[in-house]
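Shown next, in structure tokens, is the structure this report addresses.
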Amino acid sequence: MNAEIVSVGTELLLGTSVNTDASDVSLALSELGINVFWHTVVGDNPARLTECLYRARTRADLIVTTGGLGPTCDDLTKQTLARAFGRELYFDEEAADTIRGWFAAQGRAFTENNLRQAWLPEGCTILPNDCGTAPGCLFESGGVTVAMLPGPPRECRAMLRNHLMPLLAELSGETIRSHMVRMFGIGESAMEEQLRDLMDGANPTVAPYAKTGECLVRVTAKAADADECEAMMAPVVEEVCRRMGDTVYGIDSNSLEDRVLELLVGRNMTIAAAESCTGGMVAQRLTAIPGASAVFRGGVTVYTEDAKCRLLGMEQKFIDRHGVVSAAVARRMAKRVRKILGSDLGVGITGWAGPDGDDVGLVYVALAAKGECFVRRLQLGKNSDRERIRTVAAHNAFDMARRYLTGLDI
């Protein structure tokens, strides 16, 4: 099955909103073994949307639209698609009741224009909206399957995962399963070179991905049932892990911080963080995970030299002697926060996130444990933006903890 994603919204063309929906839909469809060959973005204009749809239906088996399902006058996706595919709209009373109920549950005032969202193409399958009011829908016409999803990313993602993907999996007539191998400490090109021959397979497929500071490999199999899929994938996943060694931090893990939290819980250990250039990112990422309170003792953002002295009890003369961005200061930050908060592990991060200065991209990350302390010196490049520097620094903190907790060299 070949797919085209049509993202509707003038704000996407103006650049005032980032089109994360297309990324989410592409990733989800790839998990189902559906080829995404085209991405199209079109404004809130019925004529131009119609033109896009006529072109899409000549080259795709599946058209997924995002956006334009809301209650305002510029939300015209359903009307335009219904007209393009020769379908009438009908008013769905159950959908209307659901919309009214959502407003009542939220304690928000209901206005009649919200019922525009209850008009749906005849013969469609309704896709419930778990996070908002606008229902999506799915129908088939002339050999083309059409799915409509809402534009707000949270709503789009929930409807996609909870309702559309199971229906598409049924339509495919096959069972499709995937595993994601996640790595840290190797670049995309080096990973691709080591796995190039595995990427030529048709079933299972091996597809590489890259995110800021880390790499991922998705292994996907199609078969008659789940057990056969797993049997096909097992040797491939094992070979990927063998080749990539200790850069692999998890299979189907959500993130480095999830893996660290899992390891801490398993060993009944705790962690604390003292952060400067990352501005509390390590703490934020850990506390975003349910259950973090079992292992995270707390953190301090000591962005200035004075804060390091006041909150961590560091001496100004020590900072002056070594420099605020130095291995010695990172090490002391990690040791002091560990002692002050009574944790098993302590993280200390200090660096220059820029954009100004001669040492932009220089970061020291320390991990303190009982009787020992480890430091990494990172040179992330003067041309790196602040967000990348902060993100990669936090990644390294989690990777150091992961390695310590699993007995690997740090």
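Data for the structure
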{"item": "Separation of the D197 and R161 label points, Cα + 7 Å toward Cβ, nm", "result": "3.7"}
{"item": "Contact order normalised by residue count of the chain, Cα under 8 Å, 6+ apart, percent", "result": "10"}
{"item": "Stretch gain in nm, segment Q379-D359, where the contour uses 0.36 nm per residue and the Cα spacing is subtracted", "result": "6.3 nm"}
{"item": "Pairwise FRET efficiency - L311 versus E230, Cβ, R0 = 45 Å, nearest 0.05", "result": "0.35"}
{"item": "Karplus (6.51, -1.76, 1.60) ³J(HN,Hα), θ = phi - 60°, over region 200-207, in Hz, Gly and Pro reported as x", "result": "8, x, 8, 6, x, 9, 10, 10"}
{"item": "Separation in nanometres of the label points that stand 7 Å from Cα toward Cβ, at L14 and Q106", "result": "2.2"}
{"item": "Region 33-74, dipole about Cα centre (Lys/Arg Cβ +1, Asp/Glu Cβ -1), debye to the nearest 20", "result": "180"}
{"item": "Fewest-first sequence of F398, F184 by Cβ atoms within 10 Å of each Cβ", "result": "F184, F398"}
{"item": "Positive dipole terminus of the chain, leading residue within M148, S326, V64 (C-beta point charges)", "result": "S326"}
{"item": "M1 versus Y209: modelled label distance in nm, points set 7 Å from Cα along the beta carbon direction", "result": "1.9"}
{"item": "For L362, distant residues with modelled amide H under 5 Å away", "result": "W352, L380"}
{"item": "FRET E, pair E238, N113, Förster distance 60 Å, beta-carbon r, rounded to 0.05", "result": "0.60"}
{"item": "Cβ-based exposure ranking for R259, R55, in which fewest neighbours within 10 Å come first", "result": "R55, R259"}
{"item": "Over region 2-172, relative contact order from alpha-carbon pairs under 8 Å, at least 6 apart, %", "result": "24"}
{"item": "Viscosity 1.567 mPa s, temperature 4 °C, Stokes-Einstein D of region 149-283 from Kirkwood C-alpha radius, µm²/s", "result": "75"}
{"item": "L171-K339 FRET efficiency (beta carbon distance; Förster radius 41 Å; 0.05 resolution)", "result": "0.10"}
{"item": "Per-residue Cβ neighbour rank within 10 angstrom, fewest leading, H395, H39, H179", "result": "H39, H179, H395"}
{"item": "Charge dipole (debye, nearest 20) of the chain; +1 at Cβ of Lys and Arg, -1 at Cβ of Asp and Glu", "result": "1960"}
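Read the figures in this text as sums done on the coordinates, not as results from a lab. A quick note: this is a predicted structure, and the numbers were derived from the prediction, not measured. So basically every Cβ, Gly included, is an ideal-geometry build from the backbone, and we count neighbours across all protein chains shown.
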